[in-house]
Each structure stands twice: as structure tokens, then as C-alpha cells.
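The values are calculated or read from the model by the stated rules, or taken from the named source; none is laboratory data. As the structure is a prediction and not an experimental result, all values here were calculated from the model. Here the Cβ positions follow ideal geometry from the backbone for every residue, glycine too, while neighbour counts run over all protein chains shown. These accessible areas exclude ligands, DNA and RNA; they are computed on the full protein's heavy atoms, side chains included. Shrake-Rupley method; radii C 1.70, N 1.55, O 1.52, S 1.80 Å.
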Amino acid sequence: MEYLDEEIIKKILEKIDKNINTTLKWKSHLRNKIIFLLLLYTGAKLNEILELNKKNIDLENNKIHIGSKKKQREIPIHPNLRPELEKYLKFVDKNEKLFDITRQVFNIYLSQLSNELSIKITPRIITNTFIKRAIEANIPADIITKWVGRRIEFKNITMKSDYEFMMRIP
């Protein structure tokens, strides 16, 4: 399973932040940062993230509702994601989709970022990073499976709540 290590994640976020602070297209870079962070802190698939509306973000209950109506799941909002998400939501109307970008355009963005940093970055590698971090934090397989929407197998443990598990992930 390919994933990003912590040093690479730091470099990616520094590069994105530099683009936010130094270009006229800062809002596009902010959008891309939020998509990157959602992949990194939810394990959701890119197409699921691109379908999110503002109403899918429940800040009051600290949850994101992801997926179709038949297969919707709730993912706790990671503490590192929340402040960035709150900033971004100020630019989105109430019933509006969160992101005005296609999967193809975001993949091109990641490809450019990959070339600039000489690092392979894909949506799947980013979500694999979430899974790796969750496994290392001893999150039970059934909880990770619930969050990412696909089966993950490894030794199981039990705990009190989703939020308590999310707090374990760096």
C-alpha cells in the first residue's frame, strides 16, 4: 500500500500554503487544500468529496455526511481538519456544492504538485495515508471500514466512540 509519510505531508501543505499566500488564484489553492485535507483526514474517495454540499458538513455535531443516500456514512471531523474547513465554508453558499472542480482537474493539480515536489501524489495514496495512520493509532478495522466505505482488515480492538478514535490520528 502506497502512502505519504509525515515529512512529505508537511512539504505538500507548505507548498499549497505558499500558493495560497502568493498567487492571485489563492481561492483555488484553498479549495485544493481542503480537498487534500478531506482525503487525508476522512479516507473518503475523491468523487465522494467532490459531491459534498455545505449541508453535508455538520459542525455542531462534528461530523461529515459522505456518500449516496443509500450508503451514506458519518465521519467525525478530525481536529486538524476543522479550523481549515471552517475557514473555507465562509466562501460557500448554504445549499451550494463545496467544490467547483472536476475529478480530472484535481488529478491534474496533484500531478503538477507531484512534479514540483518530485513525489508521487494521487487521491488513493492520500486516502491510504489516512488508513495507515488509523491502523498505527490502533483504530479497529470495523471503524476504519465505516469511515472509508470499504473493507479494511487487521487486528480489532474496541473503544467508546468514533470521536475518541479520530483523536488518536496525528
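Would the stretch 60-69 turn up any residue that is assigned to a helix (DSSP H, G or I) and either under 29 Å from residue 120 (Cβ atoms) or open to solvent by less than 50 Å² (accessible area, probe 1.4 Å) (or both)?
Looking through the stretch 60-69, none of the residues is assigned to a helix (DSSP H, G or I) and either under 29 Å from residue 120 (Cβ atoms) or open to solvent by less than 50 Å² (accessible area, probe 1.4 Å) (or both).
Considering only residues that are without any contact (Cβ under 8 Å) to a residue 24 or more places away in the chain and hydrophobic (A, V, I, L, M, F, W, C), which ones fall in the stretch 1-17?
Passing the criteria: only 13.
Of all residues in the stretch 96-144, which are at pLDDT 90 or above, polar (S, T, N, Q) and within 23 Å of residue 169 (Cβ to Cβ)?
Answer for the stretch 96-144, where residues must be at pLDDT 90 or above, polar (S, T, N, Q) and within 23 Å of residue 169 (Cβ to Cβ): 122, 127, 128, 129.
Give the residue, chosen from 37, 24, that is within 15 Å of the chain's Cα centre (by Cα) and either in a loop (DSSP other than H, G, I, E, B) or under 18 Å from residue 121 (Cα atoms) (or both).
37
Check off (1) open to solvent by less than 10 Å² (accessible area, probe 1.4 Å); (2) part of a helix (DSSP H, G or I) for residue 139 and give me the number that stays unchecked.
With respect to (1) open to solvent by less than 10 Å² (accessible area, probe 1.4 Å); (2) part of a helix (DSSP H, G or I), residue 139 is out only on (2).
Being of a type outside the set (D, E, K, R), assigned to a loop (DSSP other than H, G, I, E, B) and either under 12 Å from residue 57 (Cα atoms) or open to solvent by 80 Å² or more (accessible area, probe 1.4 Å) (or both) is the filter here; which residues of the stretch 82-101 pass it?
91, 92, 95, 98
Among (1) open to solvent by less than 90 Å² (accessible area, probe 1.4 Å); (2) more than 19 Å from residue 43 (Cα to Cα), where does residue 115 come up short?
(1) is the only condition that residue 115 fails.
Filter the stretch 40-59 down to the residues that are assigned to a loop (DSSP other than H, G, I, E, B), open to solvent by 10 Å² or more (accessible area, probe 1.4 Å), more than 21 Å from residue 151 (Cβ to Cβ) and not acidic (Asp, Glu) and list them by number.
59
Consider the stretch 20-32. How many of its residues are within 16 Å of residue 114 (Cβ to Cβ) and open to solvent by 20 Å² or more (accessible area, probe 1.4 Å)?
1
Would you say residue 75 is assigned to a strand (DSSP E or B) and either touching a helix residue (DSSP H, G or I) at 6+ places or on another chain (Cβ under 9 Å) or in contact (Cβ under 8 Å) with a residue 24 or more places away in the chain (or both)?
Taking the combined requirement at face value, the residue satisfies it.
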